[in-house]
Amino acid sequence: MSNAANKAARDGITILDGGMGRLLEQLGAPFRLPEWSALALIEAPEYVTRAHQIYADSGAQVLTTNTFGLVPHMLGEARFRLQARSLAGLAGQLARGAADRAGAAHPLSPVRVAGSLPPPFESYRPEKFIPARAGEILAPLVTGLAPWIDFWLIETQSSTLEALTALETVRRASDLPVFVAYTLKDEAGRAGPPELRSGEPVAAAAAATLLAGAAGILFNCSQPEAMGEAIVAARRIIDASATPAAALGVYANAFMPEPPSDEPYAGLSRLRDDLDPDNYLKWIRRWVGQGATLVGGCCGIGPAHIAAIRDAGPFSR
């Protein structure tokens with residue numbers, strides 16, 4: 001890892017990686033719905049290793065395990081029952097290997113591994129969440145990932161019920177730090193205070209998440225325009241809490257804005273033209289200025305964006 005990545009660390013900023021699915025597709029990995037990014041893990045895991053290595057070479061200080069697709073509605077119920085734990089273990093091993101190789105090449109810049117825990121049902125749809133079944137879906141992922149990771153990243157959570165259920169599942173099996181990433185209402189033309197996709201105010205969600213023992217709060221897989229007010233609201237809660245050192249992070253997507261109806265998944269087939277690395281970096285600078293300490297990218301944000309963050313600086317708040 002470069003001196004630029006060390007500079008970001010000295011600024012108190014941790015650089016996350018970017019989206020996995022589209023990078024795998026660009027690399028030529030097996031790729032289709034419904035498996036999405038999980039298909040490469042099943043059929044050609046060497047592509048997952050390549051993707052992790054590319055992000056490490058681009059300056060990512062955290063590699064996120066390729067486990068977002070390891071859920072029944074993407075794998076199918078039968079394959080999930082048979083393979084979820086072993087696939088999660090493989091994903092953890094691949095990320096750990098890439099992180100260790102990057103760290104060995106640059107001993108002063110260790111790369112950590114985040115164990116990704118996805119929504120157990122559908123992303124963006126809090127009404128689909130089934131609390132009674134969530135634990136049994138997440139448990140094999142937790143078991144498979146635990147030996148390989150440095151911390152947990154509960155991603156793309158649409159409600160506090162969804163997030164805190166996952167956090168409780170992790171806490172029963174692991175004492176590693178847990179970070180929770182929420183996805184926000186971000187339909188085109190939206191106004192008003194920041195809300196989770198469930199409609200819960202961000203401030204209330206942040207307070208509940210810290211109280212439940214999370215080591216950090218992040219916002220992901222939402223339009224960049226929705227992130228700033230959420231960061232500010234969460235920053236106030238963190239600073240006033242009993243854990244003012246809790247991390248605060250953001251990694252937006254590059255999807256086209258959703259229509260005003262905010263119909264889940266509307267507009268997700270195309271990516272924005274205005275979120276090239278230079279323009280995305282402008283958002284990163286804004287978020288750091290608002291109090292974010294972890295920054296990276298989600299769907300449609302790739303290695304070039306991460307390299308631009310690495311090469312930028314100094315960051316100032």
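So here's what we get for this one:
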quantity: Meets criteria (modelled with pLDDT under 95 and either out of contact with any helix residue (DSSP H, G or I) (no Cβ under 8 Å at 6 or more places or on another chain) or of a type outside the set (Val, Ile, Thr) (or both)) for Ala188; calculated: yes
quantity: Candidates Ala98, Ala181 - the one that is part of a helix (DSSP H, G or I), crowded, with 22+ Cβ neighbours inside 10 Å and hydrophobic (A, V, I, L, M, F, W, C); calculated: Ala98
quantity: Of residues in segment 49-70 being under 16 Å from the mean Cα position of the chain (by Cα), hydrophobic (A, V, I, L, M, F, W, C) and not in a strand (DSSP E or B), the one surrounded by the most Cβ atoms within 10 Å (Cβ to Cβ); calculated: Leu70
quantity: Answer residue from segment 270-317, given it is β-branched (Val, Ile, Thr) and part of a loop (DSSP other than H, G, I, E, B) and is nearest to Thr14 (Cα to Cα) among those; calculated: Thr293
quantity: Pair list, Cβ under 6 Å, 6 or more apart: segment 51-80 residue on the phi < 0 side of the Ramachandran plot, other residue of a type in the set (Lys, Arg) and surrounded by fewer than 24 Cβ atoms within 10 Å (Cβ to Cβ); calculated: Val62/Arg112
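Per-residue answers, yes or no, for (1) closer than 19 Å to Thr209 by Cα; (2) buried (at least 20 other Cβ atoms within 10 Å of the Cβ):
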{"site": "Leu94", "(1), (2)": "no, yes"}
{"site": "Gly103", "(1), (2)": "no, no"}
{"site": "Glu136", "(1), (2)": "no, no"}
{"site": "Phe151", "(1), (2)": "yes, no"}
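The values are calculated or read from the model by the stated rules, or taken from the named source; none is laboratory data. The shown structure was predicted, so the numbers you read here are calculated from the model rather than taken from an experiment. All Cβ positions, glycine included, derive from the backbone under ideal geometry; neighbour counts span all protein chains shown.
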